[in-house]
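A quick write-up on the structure given underneath.
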Amino acid sequence: MSPVILGEAQVLRSLDALYQREMPHAGSNLEQAASYHFKHPGKSFRAQLAFSSGAALGLGEHDNLHWAAACELLHNASLIHDDISDASILRRGQESIHEHFGSDMALCLGDWMVAKAFELAARNSHYGGPLVALLAQAMQETCSGQISDISQRHVAVIEDWQRIAKGKTAPLLIAPIKGAALIAGLSKSFGHIEPLGDLERLVGFCALAYQGRNDIDDIIPSSHRSSDLAGRKPNLVISLFAQQGLGRDEFNIWYQSEDKSLLAHWQRRIASNEVISQANQTVDYWLLEADQLVNTLPAQLRPVAIRLVASVNQKKVSKRQGQMA
């Protein structure tokens, strides 16, 4: 029997119905926080990646939906925890969980989402163990990338920026596709992806491009405050300016200080510098490299990869909220 391929809106409705069924115990404070969070679920891009990969590979809707939800819940857990460490007060147009309910609730809700993601993956009767291992590996890599992101106190050189950007973004982009391939029999174990061609490299380029777009959006327009500059966090544009921008020596001295009074000054300097154009050109190059790797994938997965590259590219015309949040 041919697989049922759902449209994006139908996938979102199916996810919402699953979230409602799987909510924490009714009446608990945790349930209130979960309901608040899922009022604005975002693009559910990782779930869409998982579902479109599974549909292309002929997976049944039940297993496909559980795997898609598991990937999306793990990503949402990382966002909730990241907002605590980043002191972000907004997420998807409303107060972040830690801002609205407190850090303790945010930690607990994020932990619950991780546990629920593992449970949903484990419900696959044939591949539950390998799927849970795949999620665990992705979360470990994401955590390593995130701690590198928040513990950096000097301007990251480009090589370090690339390592951090891929580390915190790529694992939860590749896991949805690898899991679907595993269930479909294209991969013999969660760590074996040889039949998938250059999927790792393709997703790595997409991760760099996505984070690069985010970094550019953080600096321009200079009318808003750069959270990366304020928090001394790795940023592609900042790294380029620190290496070759006019006044870079003075900037590097300021960056390593605790001074915040000159933040607007340096943001304006960076936003008006030619490194913005260089950053955009670099992102375009990464997207071109990703696009050229599409044909190395199994034919069924090529439309999924094309959509991934296109989604990152669309971010060029988006405003403050990314296509993949």
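Worth a mention:
- Test: residue in the range 85-103 that is closer than 13 Å to His66 by Cα, among the hydroxyl-bearing types (Ser, Thr, Tyr) and not in a helix (DSSP H, G or I): no
- Of note, Lys43 satisfies the criterion of being of a type in the set (Lys, Arg) and outside any helix (DSSP H, G or I).
- Counting only residues that are at pLDDT 95 or above and aliphatic (A, V, I, L, M), the range 287-303 holds 5 of them.
- Enumeration of residues in the range 17-29 that are buried (at least 17 other Cβ atoms within 10 Å of the Cβ) and assigned to a helix (DSSP H, G or I): Leu18, Tyr19
- Among the conditions (1) in a helix (DSSP H, G or I); (2) touching a residue at least 40 places away in the same chain (Cβ under 8 Å); (3) of a type in the set (Gly, Ala, Ser), Gly204 misses just one, which is (2).
- Scanning the range 248-274 for residues that are touching a residue at least 12 places away in the same chain (Cβ under 8 Å) and not in a helix (DSSP H, G or I) returns Gln256, Lys260, Ser272, Asn273.
- Residues located in the range 107-122, provided they are of a type in the set (A, V, I, L, M) and either surrounded by fewer than 21 Cβ atoms within 10 Å (Cβ to Cβ) or under 11 Å from Asn76 (Cα atoms) (or both): Leu107, Leu109, Met113, Val114, Ala115, Ala117, Ala122
- Single residue of Leu74, Leu49, Leu12, Leu59 found to be closer than 19 Å to Leu308 by Cβ and either in a loop (DSSP other than H, G, I, E, B) or free of Cβ contacts under 8 Å to residues at least 24 places away in the same chain (or both): Leu59
- Scanning the range 31-46 for residues that are of a type in the set (A, V, I, L, M, F, W, C) and either at positive phi or without any contact (Cβ under 8 Å) to a residue 24 or more places away in the chain (or both) yields a single hit, Phe38.
- For the range 150-160, the criterion of being in a helix (DSSP H, G or I), within 17 Å of the chain's Cα centre (by Cα) and at pLDDT below 95 is met by at least one residue.
The values are calculated or read from the model by the stated rules, or taken from the named source; none is laboratory data. As the structure is a prediction and not an experimental result, all values here were calculated from the model. Every residue, glycine among them, receives a Cβ derived from its backbone with ideal geometry; neighbour counts consider all protein chains shown.
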